[in-house]
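Below is one structure; the comments refer to it alone.
The values are calculated or read from the model by the stated rules, or taken from the named source; none is laboratory data. Please read these numbers as outputs of a predicted model, since none were measured by experiment. Quick reminder, even Gly has a Cβ in these numbers, built from the backbone with ideal geometry, and neighbours come from all protein chains shown. Note: accessible area is taken over every heavy atom of the protein model, side chains too, but ligands, DNA and RNA are not part of it. Shrake-Rupley method; radii C 1.70, N 1.55, O 1.52, S 1.80 Å.
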Amino acid sequence: MVKVEAMIRPFKLDDVKERLTELEVGGMTVTEVKGFGRTGGKTEFYRGSAYVIDFVPKIKIEVVVPAARSEEVIAAIREVAASDRIGDGKIFVTPVLEAVRIRTDERGESAL
């Protein structure tokens with residue numbers, strides 16, 4: 001099993017959710033986060049004064065899937081979330097050693 005974490009633009013969330021639902025991904029966790037990458041934030045103007053927004057709002061999506069499906073999930077997220085502009089986000093994949101469904105004590109992929 002692997003955990004796929006995707007940092008995406010907030011307005012792309014519904015599209016990514018629909019696509020992962022089509023792929024029958026069992027569930028996801030969504031968190032509002034802030035951060036910056038290569039651009040270091042962006043400059044905005046308010047009433048003629050410039051100010052820097054250090055942290056850009058993003059959405060973090062976390063899904064745990066069987067390792068065999070990871071490339072399919074990554075491709076789906078990238079396909080939907082990409083706009084070919086700086087700030088589209090990142091996808092991280094990490095191994096998951098164990099999953100346990102608390103209610104039934106199911107373990108491994110059956111807990112997903």
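Helical content of the chain, expressed as a calculated mean residue ellipticity at 222 nm, amounts to -6000 deg cm²/dmol (DSSP H runs of 4 or more residues, -39,500 (n - 2.57) each, divided by residue number, nearest 500). Label separation (Asp105 vs Glu24): 2.9 nm, computed from points 7 Å beyond Cα along the C-beta direction. Using 1/(1 + (r/R0)^6) with R0 = 22 angstrom and r between the beta carbons of Ile86 and Glu62, what's the FRET efficiency to the nearest 0.05? My answer for the efficiency is 0.40. Normalised by the number of residues in the stretch 1-104, the average gap of Cα pairs under 8 Å and 6 or more apart makes the relative contact order 48 percent. Per residue, the convex hull around the alpha carbon atoms of the stretch 48-112 comes to 147 Å³. Solvent-accessible area assigned to carbon and sulfur over the stretch 1-78 amounts to 50 percent, based on a 1.4 Å probe.
Taking a probe of 1.4 Å, how large is the accessible area per residue of the chain, in Å²? Can you show the working numbers first?
Values: 7780 Å² over 112 residues.
I get 69 Å² per residue for the chain.
Within the straight-line cut-off of under 14 Å between alpha carbons, the aspartates and glutamates reachable from Lys34 are Asp54, Asp88, sequence neighbours fewer than 8 places apart in one chain being disregarded. Against the chain, whose longest principal axis comes from its Cα atoms, helix 13-22 is set at around 20 degrees. Percent of C-alpha pairs per 10 Å bin in the chain, short distances first: 13, 39, 28, 13, 5, 2.
Pairs of alpha-carbon atoms within less than 8 angstrom and 6+ residues apart define the contacts here; what relative contact order does the stretch 1-58 have, in percent? Could the numbers behind the result be given before it?
Details: 42 pairs, mean separation 20.4, N = 58.
Taking the mean separation of contacting Cα pairs over the length of the stretch 1-58, I get 35 percent.
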